[in-house]
Structure formats: C-alpha cells, structure tokens
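Worksheet: one structure, shown below.
The values are calculated or read from the model by the stated rules, or taken from the named source; none is laboratory data. None of these values were measured; they are calculated from a predicted model. Every residue, glycine among them, receives a Cβ derived from its backbone with ideal geometry; neighbour counts consider all protein chains shown.
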Amino acid sequence: MKNFLSTKDLTKEEILNIFDLADTFRELNTRGVKKAPALAGKTVINLFFENSTRTRTSFEIAEKRLSADSINFSVAVSSAQKGETLIDTVHNLESMKADIFVIRHECSGAVKFVADNTPVPVINAGDGLNEHPTQSMLDIYTIRRAKNRLEGLNVTIMGDISHSRVARSNIWAMKTMGMNVRLFGPPTVMPNDVTSFGCKICKNIDEALDDADALIILRIQRERQGELLIPSAREYARFFGVMPHHFVKMKKDSLILHPGPINRGVEISSHAADSDKSAILEQVENGVAIRMAILCMVDKGIKA
C-alpha cells in the first residue's frame, strides 16, 4: 500500500486488517511507555494547508509513538505564501528525503494530485469536500469495538452531508462492511446527486433515529458554504439537532459519534455529547491507534 487516499476502493479484508493492527497499537497506547520502533529513523512531514486540531495532533502523536521524526509544515510561514506551487513545495521537501507525507488540503483532489507526482508515500488527512479516509476508519473501528460486529448495523449520518468529506468516506467504507447507511439533514445541505450514494434518505429526525445502532452527527460547515444555507442555528437545533428529548426515541444501546469540532446546542446538545451513549472521546483515542496502523502499512508497503 504505497498511499492511503480513499476508502472507495478498500475491500472488507483490507479494512479488517487495518483494525487488527490498530488493536495492537491501542494496547500499546495504554502502557506506561507508549513507544514502538516501527518507524525509527523515518521522517514524516505533516503538510496541513487547512486548520486542524484533532487530526494533526493525532497524526503527530501516532508518528512519535512509532519513533518517527515528525515535522509539522506551517503554511503561514512557508514559501507557499510567496507564491510557491503545491508541487514545488512537495518536491523541495521530497529532496530533503522525507519518507511519508500526511496532507490536508482545502481543494478536493489535491492530495491525489500530490500522490501522482511524488514517489514519497502519501496519506490523505482530508481534502476539500472529497474524503477523510482515516476519520472513516476510526469511526467504523469505534462502532465495531462497541458492537462487536458491523454487518447489518443501521447507521444514520446526519447534518451537513453536502460539505462533509467524512460522510463520503464513511458511506463507501460502511457499505463495504455490510452496514445499512441512512442520511438525514436539511435539504439545502444535501448533495444534488445524493441518491447516487445508494442510501436511504430520512424525511425527519424520528425516522433518522428509529432503530439506529449508531448516529454520526456532523456540524454545519460554514467555512465551506458559499452562502448561508440554514435560516438560523436555533432553527437547525430544533429540527435537526440531537437533543435530550430524543433519547426516548433511540435504542438503549445506540451510539453517538461526532468527528468534531462540536457545536454544542446546535447539532448536538451537551446532554447528548456527554451522555453514556457518546463515543466521541473514544473516537479521539481510537484515532491515534488507527493512524499508527495506517502509517506502518504505508511505510512497509503492506497491502491493507
């Protein structure tokens, strides 16, 4: 596996192999000394052209726990601000003998464009409205750990589907794993071609919550919207947010996930985010193990 760019072409066996390796690293992360020599002597450069807290920190921790030299590339103080092209930036870092690039970019397809133009292995940490494959892996891994299975589970992805790279990666990977995926959100933030995903579209929140084994709640991504697509945060919370009174309509063992950052009181109430149904912090914990697994596979060229 030279690169890790998308969930679209991953097989069920490949996804399970990632999870098996993540199990090993999850155990390592509970030890007093959280260190493995798997990437000792290797240099991993995190090229983040978009703001990030969880993903970049998670990758950096994963790299350091694998004993790699982890370098964070800061766009704000780079030659990109002077007009240097993306590929020229990559080629310059490539010349410094980087071993792996972890890239987040605001433009869809930019990460694949880099991967097609460098011999250095590339991991997609999120590109535009396209994909966020490592987030998808940690989401599904979190559900699997909680439910001990994936086949046949009902998962509702709700919120700003149109602007969510997380939704796209999850839809493809979850369908590969035999999960039943439903979508729910305001019509203004649903993709025009939403039926092409082959998912059930829920008409209201009651239908979205009904018999759902897991909910993946997405925020309204104002930074990617060309115009305001919802009337107000209050109205969104009323009709599309998961609030305390919805708990009576949910399965007792249903799981609540959110890729973050959370807008409390908008797409999710504090009661829901902090409840015993919430697996939000488990997602963050599992993200380190998942990214350790993917870094190792890419470094070794191991087929997932």
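Table: residues versus (1) among the acidic types (Asp, Glu); (2) outside the structural domain of residue 51 (by TED's automatic domain parsing); (3) crowded, with 16+ Cβ neighbours inside 10 Å; (4) free of Cβ contacts under 8 Å to residues at least 12 places away in the same chain.
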site: 241; (1), (2), (3), (4): no, yes, yes, no
site: 251; (1), (2), (3), (4): no, yes, no, no
site: 262; (1), (2), (3), (4): no, yes, yes, no
site: 265; (1), (2), (3), (4): no, yes, no, no
site: 270; (1), (2), (3), (4): no, yes, no, yes
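Note down all Cβ pairs under 8 Å where the first residue falls in segment 185-210 and is assigned by TED's automatic domain parsing to the domain that holds residue 257 and modelled with pLDDT under 95, the second is among the hydroxyl-bearing types (Ser, Thr, Tyr) and not in a loop (DSSP other than H, G, I, E, B), and they're at least six residues apart or on different chains.
186/236
Hey, among 86, 66, which residue is among the hydrophobic types (A, V, I, L, M, F, W, C) and modelled with pLDDT of 95 or more?
Values: 86 fails: modelled with pLDDT of 95 or more.
Unique residue meeting the criteria: 66.
State all residues of segment 182-193 that are buried (at least 17 other Cβ atoms within 10 Å of the Cβ) and part of a helix (DSSP H, G or I); if no residue qualifies, say none.
Selection gives 189 alone.
Mind checking which helices (runs of 4 or more DSSP H) fall wholly inside segment 86-156 and carry at least 3 residues that are within 14 Å of the chain's Cα centre (by Cα) and farther than 27 Å from residue 201 by Cα? Break it down into steps so the answer makes sense when it comes.
Working: elements: 86-95, 110-115, 133-147.
Per the criteria, no element qualifies.
Please find, among 57, 85, the residue that is closer than 23 Å to residue 37 by Cα, free of Cβ contacts under 8 Å to residues at least 12 places away in the same chain and in the same structural domain as residue 293 (by TED's automatic domain parsing).
57
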